[in-house]
Amino acid sequence: MPSTYRVAVIGSTGQGNYGHGLDMVWKNLPQCEVVAVADDHPDGLANAKMRLGVQQGFESYHSMLEAVQPDLVSVAPRWTHQHRDMVIAAARAGVKGIYLEKPVCRSLEEADEMLEECRKSQTKVAVAHQTRYSPILKVVYGMIHDGTLGDLLEIHARGKEDHRGGGEDLWVLGTHVLNLMQFLGGGPQWCTSMILQQGQLAGPGDIHPGNEGLGPIAGDAIQAHFALESGAIGRWSSIRDAAAQPSRFGITLKGSRGLITMGTG
């Protein structure tokens, strides 16, 4: 194990930029050193080099991976359409780990391809679902498993339900709460859902490319039910422009002996 991990950052100014701080996060880790950055936008690259305090900058992430041979890589753009190619390139370059902005990719096919390459290279991937690192989550997990909450009956997750409510909310923000649902309740065994567009069941004609490089999405209201491995039922809800104060974005866990409401972040 090296005393210091050499980190390279991949960004894309104007097409997802550097996500939610996936470039600067390494500055808080003394065992990591950012040594290079790649950005296909010249001005964005210059700004990133200054921000990160690095000398090596590349307009091609392929060139950076070949020249620098980093230990770790941040795939930082918030937009999703380049994630597959960036992750596969990093895995083929032999990096030990990838920190990947969510959403992961645009389709199950892309996900399978990314996983296959990372398995071949034994590259670990961490997705930027930051609540998974929250000390609060450890307490909640403990309350489930030590019996404080009783039998876990249901986990209800809601999105932000702003102008992106429905399909886009599920894709962009639902990953946070569905990741928590799976961690606390176990993997899904089956799923059923209802997708609406303006109050009617969504059909093939309602499918359209999502904003910001997302894959195909549909619906301005979604209700989904999951049977979880623990025996609990998982629910996901998002309705466009139904946001309230305080925000409902998060999860509610219902047990036979109590209830826990938890936000994200």
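The values are calculated or read from the model by the stated rules, or taken from the named source; none is laboratory data. This is a predicted model, so every value here is computed, not measured. Every residue, glycine among them, receives a Cβ derived from its backbone with ideal geometry; neighbour counts consider all protein chains shown.
Being within 18 Å of Gly263 (Cβ to Cβ), crowded, with 17+ Cβ neighbours inside 10 Å and in contact with a strand residue (DSSP E or B) (Cβ under 8 Å, 6 or more places away or on another chain) narrows it down to one of Gly167, Gly219, Gly159, Gly210, so name that one. Don't jump to the end; show me each part of the working.
On the way: Gly167 fails: within 18 Å of Gly263 (Cβ to Cβ); Gly219 fails: within 18 Å of Gly263 (Cβ to Cβ); Gly210 fails: within 18 Å of Gly263 (Cβ to Cβ).
Checking each option against the conditions leaves just Gly159.
Going by what's in this entry, would Thr4 be described as among the hydroxyl-bearing types (Ser, Thr, Tyr) and under 20 Å from Asp85 (Cα atoms)?
Numbers: among the hydroxyl-bearing types (Ser, Thr, Tyr): yes; under 20 Å from Asp85 (Cα atoms): no.
Against the criterion (among the hydroxyl-bearing types (Ser, Thr, Tyr) and under 20 Å from Asp85 (Cα atoms)), Thr4 does not qualify.
Identify the single condition in (1) surrounded by 18 or more Cβ atoms within 10 Å (Cβ to Cβ); (2) in the same structural domain as Ala242 (by TED's automatic domain parsing) that Thr123 does not satisfy, given that it satisfies every other one.
(2)
Looking at region 5-19 only, could you name the residues that are among the hydroxyl-bearing types (Ser, Thr, Tyr) and assigned to a loop (DSSP other than H, G, I, E, B)?
Narrowing region 5-19 to residues among the hydroxyl-bearing types (Ser, Thr, Tyr): 5, 12-13, 18.
Selection gives Thr13, Tyr18.
Taking only region 7-31 into account, find how many residues are in contact with a Gly (Cβ under 7 Å, 6 or more places away or on another chain), polar (S, T, N, Q) and without any contact (Cβ under 8 Å) to a residue 60 or more places away in the chain.
Total meeting the criteria: 1.
So for region 182-195 (the condition being part of a loop (DSSP other than H, G, I, E, B), over 30 Å from Gly14 (Cα atoms) and in contact with a strand residue (DSSP E or B) (Cβ under 6 Å, 6 or more places away or on another chain)), does at least one residue qualify?
In the first step, residues of region 182-195 are kept if they are part of a loop (DSSP other than H, G, I, E, B); the result is 186-187.
Now drop any that are not over 30 Å from Gly14 (Cα atoms), which leaves 186-187.
Now restrict to residues that are in contact with a strand residue (DSSP E or B) (Cβ under 6 Å, 6 or more places away or on another chain): 186.
Checked against the condition, which is being part of a loop (DSSP other than H, G, I, E, B), over 30 Å from Gly14 (Cα atoms) and in contact with a strand residue (DSSP E or B) (Cβ under 6 Å, 6 or more places away or on another chain), region 182-195 yields at least one hit.
Do you know which of the residues in region 51-88 that are crowded, with 23+ Cβ neighbours inside 10 Å and of a type in the set (Ser, Thr, Tyr) is modelled with the lowest pLDDT?
The residue in question is Thr80.
Mind listing whichever residues of region 20-38 are in a loop (DSSP other than H, G, I, E, B) and over 15 Å from Tyr99 (Cα atoms)? Explain how you work it out, then say what you get.
Taking region 20-38 as the starting set, the residues that turn out to be in a loop (DSSP other than H, G, I, E, B) are 20-23, 29-31.
Pro30, Gln31, listed by residue number.
If we scan region 20-31, do we find a residue that is in contact with a strand residue (DSSP E or B) (Cβ under 7 Å, 6 or more places away or on another chain), surrounded by fewer than 18 Cβ atoms within 10 Å (Cβ to Cβ) and within 13 Å of Tyr5 (Cβ to Cβ)? First the steps, then the outcome.
Of region 20-31, the ones in contact with a strand residue (DSSP E or B) (Cβ under 7 Å, 6 or more places away or on another chain) are 22-23, 26, 31.
After this cut, where a residue has to be surrounded by fewer than 18 Cβ atoms within 10 Å (Cβ to Cβ) as well, the list is 31.
Still in the list and also within 13 Å of Tyr5 (Cβ to Cβ): 31.
For region 20-31, residues in contact with a strand residue (DSSP E or B) (Cβ under 7 Å, 6 or more places away or on another chain), surrounded by fewer than 18 Cβ atoms within 10 Å (Cβ to Cβ) and within 13 Å of Tyr5 (Cβ to Cβ): present.
What's the number of the only condition in (1) surrounded by fewer than 18 Cβ atoms within 10 Å (Cβ to Cβ); (2) over 30 Å from Thr13 (Cβ atoms); (3) without any contact (Cβ under 8 Å) to a residue 24 or more places away in the chain that Ile233 fails to meet?
That leaves (3) as the condition not met.
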